[in-house]
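Throughout, read-outs are computed from the coordinates displayed, never taken from laboratory work. Not measured: the values here are computed from a predicted model. Virtual Cβ from ideal backbone geometry, glycine too; neighbours counted across all protein chains shown.
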Amino acid sequence: MLKQLILNLAFAVWNFIVLCALTFYYFFEAFVLTIFPFLKKEKSLKNKTVLITGGAGGVGQELALRLARLKANVVVWDVNEKAIEKLRTRISNDDLKIRASVVDITDRHSVYKHADLVKSEVGPVDVLINNAGIVAGQTFLEIPDELIEKTFEVNVISHYWTIKAFLGDMIQRGQGHIVSVGSLTGMLGTYKCTDYSATKYALNGLHESLSTELKTHGHDNIHMTLICPYFINTGMFAGCNPRNMSMLEPKDVAKRIITAIKREESFITMPFIARLVLPLKHYLPTKLAWAVMFRVIQGPQSMIGLNSRKDTAAA
Ligand SMILES: NC(=O)c1ccc[n+]([C@@H]2O[C@H](COP(=O)([O-])OP(=O)(O)OC[C@H]3O[C@@H](n4cnc5c(N)ncnc54)[C@H](O)[C@@H]3O)[C@@H](O)[C@H]2O)c1
């Protein structure tokens, strides 16, 4: 009994010492790499197979073109036939190696069928970028029920199908990378985003839980990246009028996502400062948090003009 107690105590002290050492080391590492990001090791994406959902849209297309120029084997899935056609024309004009297919990622049978085709005709997928997304762009009572379901199907549930289609092979090969394109609205709910914001919060949970499972089972060479950007100038948030900074450009977001993949970063916000500021909402008095939201961030005022888009897959 006493022996067991001493052993438990010794183990707790040892754990405490290790944790102190790790705290010092990881803070130091994060500090140095934040100040000198070029010190981070970057993996090459040459000849790697990268699959991008929603790859014919604003950010997705930028990703596809940039990755193809880096000599990756790019596979694009998108539900929008016209956008896929335009992308195909661009691919042949620029002589790039991109395979573009019309796939509705909310249809899991279609996802599994096309995943098998990619595996047999292109090879195993090294990087999966879950990028497709839609927003209803209406206030809570205005959003038709079917559109709420659609937003969840495209923005979250489809991730289960695409990840299931490729994760098994990644585990078998002992390598892989899964990227989720989230949003700052997944860290701070905002006006006209009751469908969208909820799906992006859900993505955070999926990302964290799956990362935990992979780490617990020792799959340290399967990396996960969650990227949460501010407004991007693609038309998805047309009609919004951001107050504190201008919209991001899709090319800058694509560049940052590619850097995050190469550096195997797990969590990115754009801009960086958002990851420091947004968690403050948990510590401020609720009324003050709202005053900051309304008077400083001016979130609702920025979003009030958001148009519900008719050209998304959900329309
Ligand atoms: N635009 C912004 O302000 C903004 C801000 C933060 C995060 N994001 C996120 O960035 C990602 C890319 O958005 P974007 O701005 O490039 O939008 P976009 O509308 O230009 O592109 C999205 C693409 O997803 C495709 N898509 C929709 N439903 C699909 C389905 N069922 N199956 C396959 N493809 C489907 C669309 O056809 C479109 O080509 C999304 O996840 C979005 O939520 C966007």
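Taken about its Cα centre, the stretch 44-303 carries a charge dipole of about 860 debye when Lys and Arg each add +1 at the Cβ and Asp and Glu each add -1 at the Cβ.
Here the Kirkwood formula, the inverse mean of 1/r across different C-alpha pairs, assigns the stretch 57-113 a hydrodynamic radius of 11.7 Å. The 3J(HN,Hα) values that the Karplus relation (6.51, -1.76, 1.60; θ = phi - 60°) gives for the stretch 283-297 are, in residue order, 9, 6, x, 3, 5, 5, 4, 5, 4, 5, 4, 7, 8, 9, 6 Hz. Gly and Pro appear as x. Computed from backbone phi, the HN-Hα couplings of the stretch 235-241 come to x, 4, 10, 4, x, 6, 9 Hz, rounded to whole numbers (Karplus: 6.51 cos²θ - 1.76 cosθ + 1.60, θ = phi - 60°; Gly and Pro given as x). Here the stretch 154-261 is assigned +1 on the Cβ of each Lys and Arg and -1 on the Cβ of each Asp and Glu. Its dipole about the Cα centre then comes out at about 220 debye.
From least to most packed, judged by other beta carbons within 10 angstrom and beginning with the fewest, GLU249, GLU265 follow the order GLU249, GLU265. Evaluate the relative contact order of the stretch 78-133 (contact order divided by residue number), counting alpha-carbon pairs under 8 angstrom at least 6 apart; express in whole percent. Taking the mean separation of contacting Cα pairs over the length of the stretch 78-133, I get 30 percent.
Look at the dipole of the chain built from charges on Cβ: of SER183, VAL253, VAL76, the Cα furthest out on the positive end belongs to VAL253. Mind checking which of PHE16, GLY133, ALA115 is farthest towards the positive end of the chain's charge dipole, using Cβ charges of +1 (Lys, Arg) and -1 (Asp, Glu) about the Cα centre? It is PHE16.
Rounded to the nearest 20, the Cβ-based charge dipole of the stretch 214-257 about its Cα centre (Lys and Arg +1, Asp and Glu -1) stands at 60 debye.
Remark on ALA72: its backbone amide H falls under 5 Å from those of ASN47, a criterion applied only to residues 5 or more positions apart or on other chains, H modelled at 1.01 Å from N. Mean projected area of the Cα convex hull of the stretch 71-160, taken over all directions, amounts to 7.0 nm². Loop-resident GluC sites (Glu not before Pro) (DSSP state other than H, G, I, E or B) in the stretch 40-85 with no more than 13 further Cβ atoms inside 10 Å of their Cβ: GLU42.
With the dipole of the stretch 44-303 worked out from charges on the C-beta (+1 for Lys and Arg, -1 for Asp and Glu) around the Cα centre, which of LEU280, GLY218, TRP290 lies farthest toward the positive end? It is LEU280. Two decimals is fine: what is log10 I(q)/I(0) at q = 0.12, 0.14 Å⁻¹ for the chain, from a Debye sum with one equal scatterer on every Cα and no solvent? So the normalised log intensities are -0.86, -1.13.
Exposed loop positions in the chain were taken to be chymotrypsin sites (Phe, Trp or Tyr not before Pro) whose DSSP state is not H, G, I, E or B and which have at most 15 other beta-carbon atoms within 10 angstrom. Between these positions, the longest stretch is 1-271. For the stretch 44-303, the relative contact order is 18 percent, taking Cα pairs closer than 8 Å that sit 6 or more residues apart in sequence and dividing their mean separation by the residue count. Count the lysine pairs in the stretch 138-266 whose Cα atoms sit under 19 Å apart, keeping only pairs 8 or more residues apart in sequence or on different chains. Taking the Cα cut-off of 19 Å, the pair count is 5. With a cut-off of 13 Å between beta carbons, the residues surrounding SER92 carry a summed charge of +2, where Lys and Arg count +1 and Asp and Glu -1.
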